[in-house]
Amino acid sequence: MNRHNLCFPQPAMPCQGEHMCGRYASARSRIELLEEFGVERDRVSEPLEPDYNVAPTKPVYAVLTRRPRGSSQPAGDQAAPARAAEVPAAGEARELRVVRWGLVPSWAKDPSIGSRMINARAETVSVKPAFRGAFARRRCLLPADGYYEWYRPGGDAKAARQPYYIYREDGGPLAFAGLYELWRDPSFPGDHPDAWLWTSTIITTSAPDGLGRIHDRMPMVIGPERWADWLDPGSSDVADLLSLLAPASSGGLIWRPVSTAVNSVRNNGPALIEPAEPEPGRPAKSLF
């Protein structure tokens, strides 16, 4: 197995942070994703197992559009020659790849920074040094079945947190707005399969309506009608790209309390997304 697909040690509790999406479920198969996202070029050599507890630094599926070999690359793309060499001459196409969750900027000294780059705020993604290059040139979609957030009753910092699973009412996939990046591993020669580490981050936005009562941030979800524009590698106008990050709506999303077993990344399986009664002292199923 490519060592870049290996997981790093994970925390026992969910990630902390005021704007973080730190866990999600991705159980659809590679074949399902190829069809649902209209993928033209399958770049997955080792399909991932269903994962109901995706955590930072884990390998995840990403949908992106790549340019053909020999095409002009955007100015300032430091890794452009190597990336262009990877893409076949078949033409620009939508691809499915496996990347690691936690973006490692091309200028990073080592990949450890990725564990802190799992999210990018929609409000600042176009200007933050770690993300602005990828925002202009390397955008992707990260497929998910749903995601988790933890509700703390009454905002009490000492109160136990109840996990909630948030998903589409119709059972369809969510397409998180993401960015991807490539980091050159200097310990390998340029033609080695592990020479380039592919990583990603999820863009977050303010959570509206009742959903904001659980957590004030949520992953930015891109609708199918905007997928092509978001993935277009030839589009780099910041204003146009920001317009695709429309204000979030919780329409079509529902949520339910789930077992605190999801708190540990050691736990996995479909039981994690099954409805569960809140533990004593935690909020009831209906928050609102």
Could you list, in sequence order, all residues of the range 217-244 that are exposed (fewer than 14 other Cβ atoms within 10 Å of the Cβ) and either under 18 Å from the mean Cα position of the chain (by Cα) or among the acidic types (Asp, Glu) (or both)? GLY223, PRO224, GLU225, ALA228, ASP237, ASP240
Given the conditions (1) buried (at least 18 other Cβ atoms within 10 Å of the Cβ); (2) modelled with pLDDT of 95 or more, report the number of the one that GLY114 does not fulfil. (2)
Would you please name the residue that is modelled with the lowest pLDDT, looking only at residues in the range 152-185 that are assigned to a loop (DSSP other than H, G, I, E, B) and not charged (D, E, K, R)? ALA157
Of the candidates ILE166, ILE254, the one satisfying the condition of being out of contact with any strand residue (DSSP E or B) (no Cβ under 6 Å at 6 or more places or on another chain), under 30 Å from PRO153 (Cα atoms) and β-branched (Val, Ile, Thr) is ILE254
Within the range 186-209, is there a residue that is out of contact with any strand residue (DSSP E or B) (no Cβ under 8 Å at 6 or more places or on another chain), in a loop (DSSP other than H, G, I, E, B) and over 21 Å from VAL104 (Cβ atoms)? yes
Output for Cβ contacts, cut-off 9 Å, separation at least six or different chains, first residue within 16 Å of PRO153 (Cα to Cα) in the range 198-223, second among the acidic types (Asp, Glu) and surrounded by fewer than 22 Cβ atoms within 10 Å (Cβ to Cβ), reads ASP216/GLU18
Being of a type in the set (Asp, Glu) and either outside any loop (DSSP other than H, G, I, E, B) or within 16 Å of the chain's Cα centre (by Cα) (or both) is true for just one of GLU149, GLU123. Which residue is that? GLU149
When restricted to ILE118, ILE113, the only residue in contact with a Pro (Cβ under 6 Å, 6 or more places away or on another chain) and among the β-branched types (Val, Ile, Thr) is ILE118
If a residue must be surrounded by fewer than 23 Cβ atoms within 10 Å (Cβ to Cβ) and of a type in the set (Phe, Trp, Tyr), how many such residues does the range 136-161 contain? 2
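Every residue, every condition in (1) modelled with pLDDT under 90; (2) within 24 Å of ALA25 (Cβ to Cβ), yes or no:
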{"position": "ILE202", "(1), (2)": "no, yes"}
{"position": "THR205", "(1), (2)": "no, yes"}
{"position": "GLY210", "(1), (2)": "yes, yes"}
{"position": "GLY223", "(1), (2)": "no, yes"}
{"position": "TRP230", "(1), (2)": "no, yes"}
{"position": "ALA239", "(1), (2)": "no, no"}
{"position": "LEU244", "(1), (2)": "no, no"}
{"position": "SER250", "(1), (2)": "yes, yes"}
{"position": "VAL258", "(1), (2)": "no, yes"}
Criterion first (aromatic (Phe, Trp, Tyr) and in contact with a helix residue (DSSP H, G or I) (Cβ under 7 Å, 6 or more places away or on another chain)) does TRP227 satisfy it? no
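The values are calculated or read from the model by the stated rules, or taken from the named source; none is laboratory data. Quantities reported herein were computed from a predicted structural model and do not represent experimental measurements. Every residue, glycine among them, receives a Cβ derived from its backbone with ideal geometry; neighbour counts consider all protein chains shown.
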